[in-house]
């Protein structure tokens, strides 16, 4: 079997998304009635209702000629963490559908949670902090953010990722932040940093700490700010000073097909669209530039593309292959219901 077919076949086990979709048709208020807009709305409805085959087919019609040109850095990142580079250039598939549906669910949640305060991150922070409990998920479940939300379980790193996903859907730029020991760079705690326009906040839902108006960069230079907000400040502050930041993009976002689909959705739905498929490197550069523009007086933090989602997708590939009978490996494709 070719690498592309293996990738498509391995995606036959879909995530079960348990978020209620009541009132999810808010995007239908668009005034555009062009044929392409009608197809976009059909695609959204298919994603919302869990129709994998139909959504994949409509996406292929909306983006009939996705580019097969992928940045060498993206191929390298995928390969180093167990995802075949061919995944980035294959056709739309069930793994893409999982990304779309997760984005849509978080969009629906974020709109509902911030209904009266769309630019305030606190309702999102409180939702994560109060809902997620510091416990492990069942081994049978891979800890993607929507699964973490559904299972109501996750330690600091997972809580920070869920918050990033909710905030991202409300227009925030987001970063996962590993706080690291100075002597060996190991990380024992993870937080999030959020930016929108001139606003910035540092969020630690695990420890119920939300610091509006302060970035990790500035906290690293002002111990008194850490001491006034964080429990265990003496232990946290040295790790903040040695923090590293990660852009929490999904592997699917690196694929040109999803980047083109995002452009189609943006053209017809604007900010109402579920956000995915934004070029991760461009997202990273925008974040770095915003940080430099607003905080030129403090030293920058190292900022990277996050490796972990690739490792998680690799685990998903292996899990799907284990759950697929050998005689079915050649039968399933992205066009068959998982």
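Sort 226-235, 103-112 for me by packing, meaning the mean count of neighbouring Cβ atoms within 10 Å per residue, highest on top.
Highest to lowest by the protection proxy: 103-112, 226-235.
Cα gyration tensor of segment 39-125, axes a ≥ b ≥ c as square roots of the eigenvalues: rounded (a/c below 1.5), prolate (a/b > b/c) or oblate?
In terms of gyration-tensor shape, oblate.
Give the shape of segment 158-201 as rounded, prolate or oblate, defined through the alpha-carbon gyration tensor: a ≥ b ≥ c are the square roots of its eigenvalues, a/c under 1.5 means rounded, and otherwise the shape is prolate if a/b is larger than b/c and oblate if not.
Verdict is oblate for segment 158-201.
Expressed as an acute angle from 0 to 90° and rounded to the nearest 10, what is the orientation of the C-alpha long axis of helix 156-169 relative to the principal long axis of the chain?
70 degrees
Hey, in the GNM for the chain with a 10 angstrom Cα cutoff, which one of 281, 101, 170 fluctuates hardest?
Checking each option, the largest mean-square fluctuation is seen for 281.
Please give the Cα centre distance for segment 121-177 versus segment 202-253, rounded to the nearest Å.
Cα centres, segment 121-177 to segment 202-253: 16 Å.
What do you get for the angle between helix 256-269 and the principal long axis of the chain? Use alpha-carbon atoms, 0 to 90 degrees, nearest ten.
On a 0 to 90 degree scale, this one is about 80.
For the chain, modelled as a Gaussian network with Cα springs under 10 Å, which listed residue fluctuates most, 193, 322, 36?
322
Using label points projected 7 Å from each Cα along Cα→Cβ, tell me how many nm separate residue 290 and residue 115, to one decimal.
Here the modelled spin labels are 2.6 nm apart.
Got the relative contact order for the chain handy, in percent, Cα pairs under 8 Å and 6 or more residues apart?
Value for the chain: 25 percent.
Sort 127-138, 51-62 for me by packing, meaning the mean count of neighbouring Cβ atoms within 10 Å per residue, highest on top.
51-62, 127-138
Once the Cα atoms of helix 35-49 and of the chain are each reduced to a long axis, what angle between those two axes, in degrees from 0 to 90 to the nearest 10, is obtained?
70 degrees
If I build a Gaussian network model for the chain, linking alpha-carbon pairs within less than 10 angstrom, which residue out of 279, 184, 198 has the largest mean-square fluctuation?
The residue that fluctuates most here is 184.
Which value in deg cm²/dmol, rounded to the nearest 500, describes the helix-derived mean residue ellipticity at 222 nm for the chain, given -39,500 (n - 2.57) per DSSP H run of n ≥ 4 and division by the residue count?
Roughly -14500 deg cm²/dmol at 222 nm, from the helical runs in the chain.
Which of the three applies to segment 46-190, rounded, prolate or oblate, going by the alpha-carbon gyration tensor with a ≥ b ≥ c and a/c under 1.5 meaning rounded?
It comes out oblate by the Cα gyration axes.
Just so you know, all these numbers are worked out from the coordinates, no wet-lab data involved. Predicted, not measured: the structure shown is a model, and the values here were computed from it. Cβ sites come from the backbone with ideal geometry, for glycine too, and all protein chains shown count toward neighbours.
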